[in-house]
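Below you will find the structure I want to go over with you.
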Amino acid sequence: MINYYHKIKTKLKVLGLLLLTIATSFCSYAQERTDEDIDVILDDLFFNDSQFLDELIEGGNSYNFIYTSLAYNNNTYFSGRDSGTDQFNMIPQISYYHSSGFNASISGVYYQNFDPHWDFTSVSLGYLNTLGKTNSFIYNFGYTKYFYSDDFDDFTNSIDLSIGLRNKKRTLGTSIAASYLFGTDESYQLVSSSFARVNLVRKPNFALRLRPTLSLILAKQEFTYWQRFRTRPFLRTVVNTVFDLLNTQVSIPINFTTKSWDFELGYYLNIPNAVANESDLPTTSFFSLSIGYLFDLSK
């Protein structure tokens, strides 16, 4: 168990934060935009790391915008697991979207008590489009490059693919996101998410909604631990590589959008699944607060 939390910090942190670089969702509208149009775009745009779901693109119209956001989480867990350090984290992100399907983003993460505090910066490029007459099926693929503040080089690249499906009213949907990570080491993960959207208040100049989401995170992960021989007075290091369900997360965020502003307050419950040599893991939870702003470049 000596190296357990080291592995959690250096490897599971990447698996948990990969969702930041999977393209967030958006929707296209006419060139002349009202405040209500911007509100709807924002409603479809931002889903944070535990709420990933690519919304539909309504074809035929163009869009060209930049979305900036800053998220604050009051505690930090890696695939639902407690690292032993109570600390908040902050995640800034800037994303660009164009009606051609091209999207790009740059993001990073700051930890309160880790050294260095700024853990890494990621830059991603992607392409997003839909299939079918009703645009009910959406896909996105892209590439992400990671720049770490320390000498961590296990996972410096990832290739990402996601597919999503939702109903016509946008009240129910599901998605699957796959990522292949590589550098000096390699791994892969699958994230399955299902959501419901409940409109609490809908007015021409603002909207208030709930977006409960259930996410399952599966990944290939290496666990290192010490094993004692029964017949010999020493320990040996054992490395166990598994592909398994690491965490189930239930999120209940409430979202408020008005004009170009987007605010979200959410509660997140982690139910980590013990794998390899892990014993039963406790459930964990945290609160998240995010603020975002959309710059419409098509005006």
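Which one of these is free of Cβ contacts under 8 Å to residues at least 24 places away in the same chain and either open to solvent by less than 50 Å² (accessible area, probe 1.4 Å) or part of a strand (DSSP E or B) (or both): Y139, Y188, Y143?
So the residue among Y139, Y188, Y143 that is free of Cβ contacts under 8 Å to residues at least 24 places away in the same chain and either open to solvent by less than 50 Å² (accessible area, probe 1.4 Å) or part of a strand (DSSP E or B) (or both) is Y143.
Residue-wise test of (1) of a type outside the set (F, W, Y); (2) modelled with pLDDT of 80 or more; (3) surrounded by 13 or more Cβ atoms within 10 Å (Cβ to Cβ).
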{"site": "F195", "(1), (2), (3)": "no, yes, yes"}
{"site": "L200", "(1), (2), (3)": "yes, yes, no"}
{"site": "L216", "(1), (2), (3)": "yes, yes, yes"}
{"site": "T248", "(1), (2), (3)": "yes, yes, yes"}
{"site": "D262", "(1), (2), (3)": "yes, yes, yes"}
{"site": "L265", "(1), (2), (3)": "yes, yes, yes"}
{"site": "Y268", "(1), (2), (3)": "no, yes, yes"}
{"site": "N277", "(1), (2), (3)": "yes, no, yes"}
{"site": "T284", "(1), (2), (3)": "yes, yes, yes"}
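Sort out which residues of region 254-268 are within 14 Å of T68 (Cβ to Cβ) and without any contact (Cβ under 8 Å) to a residue 24 or more places away in the chain, and write them in order of number.
none
Here's something else I'd like to know. Which of the residues that make up region 287-299 are under 23 Å from F78 (Cα atoms) and buried (at least 17 other Cβ atoms within 10 Å of the Cβ)?
S288, S290
How about region 146-167: which of its residues are open to solvent by 60 Å² or more (accessible area, probe 1.4 Å) and β-branched (V, I, T)?
Within region 146-167, I159, I163 qualify.
In this structure, does N129 turn out to be in a strand (DSSP E or B) and out of contact with any Cys (no Cβ under 9 Å at 6 or more places or on another chain)?
Judged against the criteria, N129 is a match.
Oh, and also: Among the listed residues F155, F182, F195, identify the single one that is over 29 Å from L265 (Cβ atoms) and touching a residue at least 40 places away in the same chain (Cβ under 8 Å).
Details: F182 fails: touching a residue at least 40 places away in the same chain (Cβ under 8 Å); F195 fails: over 29 Å from L265 (Cβ atoms).
Testing whether each residue is over 29 Å from L265 (Cβ atoms) and touching a residue at least 40 places away in the same chain (Cβ under 8 Å) leaves just F155.
Another one. For L70, are the conditions met, namely being within 27 Å of L269 (Cα to Cα), touching a strand residue (DSSP E or B) at 6+ places or on another chain (Cβ under 6 Å), at pLDDT 90 or above and surrounded by fewer than 22 Cβ atoms within 10 Å (Cβ to Cβ)?
Yes.
What is the number of the single condition among (1) modelled with pLDDT of 90 or more; (2) among the polar types (S, T, N, Q); (3) open to solvent by less than 30 Å² (accessible area, probe 1.4 Å); (4) within 24 Å of Y268 (Cα to Cα) that Q112 does not meet?
It is condition (3) that Q112 fails.
The values are calculated or read from the model by the stated rules, or taken from the named source; none is laboratory data. In this text, all values refer to a predicted model and were calculated from it rather than measured experimentally. Quick reminder, even Gly has a Cβ in these numbers, built from the backbone with ideal geometry, and neighbours come from all protein chains shown. Surface accessibility is based on the protein's heavy atoms, side chains included, excluding ligands, DNA and RNA. Shrake-Rupley method; radii C 1.70, N 1.55, O 1.52, S 1.80 Å.
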